[in-house]
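J.: Would you mind keeping the following structure in view while I ask a few things?
The values are calculated or read from the model by the stated rules, or taken from the named source; none is laboratory data. Computed from a predicted structure; not experimentally measured. Counting neighbours? That spans all protein chains shown, and the Cβs are built from the backbone with ideal geometry, glycine included.
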């Protein structure tokens with residue numbers, strides 16, 4: 001048990017990045033599950049993790065949510081919620097065929113990418129999607145169109161080696177949770193090869209991803225160690241670790257919560273950075289701060305790069321009285 005006497009504890013400056021934690025899309029998705037349980041009673045089924053965070057998932061399970069991998073695991077007489085990452089078109093089509101009550105918690109910024117892809121397809125363009133293979137958001141976006149209409153580009157090497165059917169009829173969309181800098185590099189390669197490629201009207205990488213990466217960049221050089229709270233399957237959280245490394249943090253680590261901190265990493269550390277991915281609740285940040293205070297004389301300096309005031313409304317069916 002660490003000592004709690006002030007004299008025995010070393011000093012630690014904690015740089016707290018802001019914005020951090022929940023974004024508007026995550027907050028909306030969680031509210032959709034909560035409100036569905038309130039209206040329909042338990043259980044309410046959720047296809048895939050509503051967001052990539054086990055703490056969030058386990059709390060919703062205690063309220064009556066049942067998380068499944070596929071729609072065929074859901075009974076037809078109970079509501080089902082689709083995750084914030086989006087789903088292929090075949091999923092809601094099957095739910096309609098089975099006359100199921102379903103609610104789509106897809107982040108509106110992900111839905112925007114889906115709409116863009118469909119518009120480009122109608123205009124006769126082949127679509128390039130910058131993203132990570134196997135990520136639920138990528139699966140959902142590629143599933144908006146027929147097989148082969150969207151080509152996945154993961155790296156600058158992919159962008160250099162891609163051979164189009166028609167170089168004059170290409171369009172570009174991106175996963176919303178990518179590294180801003182890495183994506184810019186890939187786009188630069190594609191634009192150099194295909195000057196007429198149609199780009200998003202407004203950047204697809206979401207405001208929350210951009211803001212959280214900017215906040216990490218603002219503190220990284222000051223930090224002997226940067227801790228990012230988030231799940232190992234959370235794309236935006238893993239990108240924050242990468243951004244911290246590149247931006248000059250002494251070390252950067254992904255942790256699920258205070259329980260996962262290797263305190264040996266903090267030996268000799270005097271300047272600690274702390275942030276949280278867009279699907280990590282603020283109480284996990286509070287837990288890390290409390291654990292640090294048990295071991296150090298902590299001085300907190302919050303570094304805010306911008307204020308976020310984005311709110312996404314719930315679906316109409318959940319805004320109306322039960």
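J.: I'm trying to understand the selection: among the residues of region 109-122, which are surrounded by 15 or more Cβ atoms within 10 Å (Cβ to Cβ) and either under 25 Å from residue 22 (Cβ atoms) or in contact with a strand residue (DSSP E or B) (Cβ under 6 Å, 6 or more places away or on another chain) (or both)?
T.: 109, 110, 111, 112, 113, 114, 116, 117, 120 - these are the residues of region 109-122 that are surrounded by 15 or more Cβ atoms within 10 Å (Cβ to Cβ) and either under 25 Å from residue 22 (Cβ atoms) or in contact with a strand residue (DSSP E or B) (Cβ under 6 Å, 6 or more places away or on another chain) (or both).
J.: Where residues in region 28-52 are without any contact (Cβ under 8 Å) to a residue 60 or more places away in the chain and assigned to a helix (DSSP H, G or I), which of them is surrounded by the most Cβ atoms within 10 Å (Cβ to Cβ)?
T.: Among them, the one singled out is 30.
J.: Looking only at residues that are without any contact (Cβ under 8 Å) to a residue 24 or more places away in the chain and touching a strand residue (DSSP E or B) at 6+ places or on another chain (Cβ under 8 Å) in region 53-65, which one is surrounded by the most Cβ atoms within 10 Å (Cβ to Cβ)? If you could, list the steps in order and put the result at the bottom.
T.: Within region 53-65, the first condition is being without any contact (Cβ under 8 Å) to a residue 24 or more places away in the chain, and the residues that meet it are 57-59, 61-62.
With touching a strand residue (DSSP E or B) at 6+ places or on another chain (Cβ under 8 Å) added as a condition, the list becomes 57, 61.
Details: 57: 20, 61: 14.
Among those that are without any contact (Cβ under 8 Å) to a residue 24 or more places away in the chain and touching a strand residue (DSSP E or B) at 6+ places or on another chain (Cβ under 8 Å), it is 57.
J.: Do we have residue 181 as under 18 Å from residue 239 (Cβ atoms), surrounded by fewer than 18 Cβ atoms within 10 Å (Cβ to Cβ) and modelled with pLDDT under 95 here?
T.: Details: under 18 Å from residue 239 (Cβ atoms): yes; surrounded by fewer than 18 Cβ atoms within 10 Å (Cβ to Cβ): yes; modelled with pLDDT under 95: yes.
Against the criterion (under 18 Å from residue 239 (Cβ atoms), surrounded by fewer than 18 Cβ atoms within 10 Å (Cβ to Cβ) and modelled with pLDDT under 95), residue 181 qualifies.
J.: Assuming residue 129 fulfils every condition listed in (1) more than 22 Å from residue 311 (Cα to Cα); (2) touching a strand residue (DSSP E or B) at 6+ places or on another chain (Cβ under 7 Å); (3) assigned to a helix (DSSP H, G or I); (4) in contact (Cβ under 8 Å) with a residue 40 or more places away in the chain apart from one, which condition is it?
T.: Answer for residue 129: the failing condition is (3).
J.: Let me ask another. Going by the conditions given, is residue 248 within 20 Å of residue 181 (Cα to Cα), surrounded by fewer than 20 Cβ atoms within 10 Å (Cβ to Cβ) and touching a helix residue (DSSP H, G or I) at 6+ places or on another chain (Cβ under 8 Å)? Let's see the steps before the verdict.
T.: Values: within 20 Å of residue 181 (Cα to Cα): yes; surrounded by fewer than 20 Cβ atoms within 10 Å (Cβ to Cβ): yes; touching a helix residue (DSSP H, G or I) at 6+ places or on another chain (Cβ under 8 Å): yes.
Judged against the criteria, residue 248 is a match.
J.: Residue 87: touching a strand residue (DSSP E or B) at 6+ places or on another chain (Cβ under 8 Å), at pLDDT 95 or above, in a loop (DSSP other than H, G, I, E, B) and surrounded by 14 or more Cβ atoms within 10 Å (Cβ to Cβ), yes or no?
T.: Working: touching a strand residue (DSSP E or B) at 6+ places or on another chain (Cβ under 8 Å): yes; at pLDDT 95 or above: yes; in a loop (DSSP other than H, G, I, E, B): yes; surrounded by 14 or more Cβ atoms within 10 Å (Cβ to Cβ): yes.
In short, yes.
J.: Moving on. So, of the residues in region 260-275 that are outside any loop (DSSP other than H, G, I, E, B) and in contact with a helix residue (DSSP H, G or I) (Cβ under 8 Å, 6 or more places away or on another chain), which turns out to be farthest from residue 217 (Cα to Cα)?
T.: Per the criteria, the residue is 263.
J.: If you don't mind, another one. Any residue that is at positive phi, surrounded by fewer than 20 Cβ atoms within 10 Å (Cβ to Cβ) and in contact with a strand residue (DSSP E or B) (Cβ under 9 Å, 6 or more places away or on another chain) - is there at least one of those in region 9-24?
T.: Step one: list which residues in region 9-24 are at positive phi, which gives 21.
Pick out the ones that are also surrounded by fewer than 20 Cβ atoms within 10 Å (Cβ to Cβ) and you get none.
Looking for residues that are at positive phi, surrounded by fewer than 20 Cβ atoms within 10 Å (Cβ to Cβ) and in contact with a strand residue (DSSP E or B) (Cβ under 9 Å, 6 or more places away or on another chain), one finds none in region 9-24, hence no.
J.: Still on this structure, I have one more. Going by the structure shown, is residue 136 in contact with a helix residue (DSSP H, G or I) (Cβ under 8 Å, 6 or more places away or on another chain) and in contact (Cβ under 8 Å) with a residue 40 or more places away in the chain? Outline the logic, then answer.
T.: Working: in contact with a helix residue (DSSP H, G or I) (Cβ under 8 Å, 6 or more places away or on another chain): no; in contact (Cβ under 8 Å) with a residue 40 or more places away in the chain: yes.
Taking the combined requirement at face value, the residue does not satisfy it.
J.: Looking at (1) part of a loop (DSSP other than H, G, I, E, B); (2) free of Cβ contacts under 8 Å to residues at least 40 places away in the same chain; (3) out of contact with any helix residue (DSSP H, G or I) (no Cβ under 8 Å at 6 or more places or on another chain), which is the one condition that is false for residue 119?
T.: Condition not satisfied by residue 119: (1).
J.: Consider only pairs whose beta carbons are under 6 Å apart and that are at least six residues apart or on different chains; among these, list those whose first residue lies in region 67-91 and is more than 25 Å from residue 279 (Cα to Cα) and whose second residue is not in a loop (DSSP other than H, G, I, E, B).
T.: Pairs that qualify, where the first residue is more than 25 Å from residue 279 (Cα to Cα) and the partner is not in a loop (DSSP other than H, G, I, E, B), are 78/45.
J.: Which of the residues belonging to region 203-228 are in contact (Cβ under 8 Å) with a residue 60 or more places away in the chain, farther than 13 Å from residue 129 by Cα and either surrounded by fewer than 17 Cβ atoms within 10 Å (Cβ to Cβ) or within 15 Å of the chain's Cα centre (by Cα) (or both)?
T.: 206, 207, 208, 209, 211, 212, 214
J.: I'd like the full set of residues that are closer than 24 Å to residue 164 by Cβ and in contact with a helix residue (DSSP H, G or I) (Cβ under 9 Å, 6 or more places away or on another chain), limited to region 90-116.
T.: 113, 114
J.: Residue 293 - would you say it is more than 20 Å from the chain's Cα centre (by Cα), modelled with pLDDT of 95 or more and not assigned by TED's automatic domain parsing to the domain that holds residue 33?
T.: On the way: more than 20 Å from the chain's Cα centre (by Cα): yes; modelled with pLDDT of 95 or more: yes; not assigned by TED's automatic domain parsing to the domain that holds residue 33: yes.
Yes.
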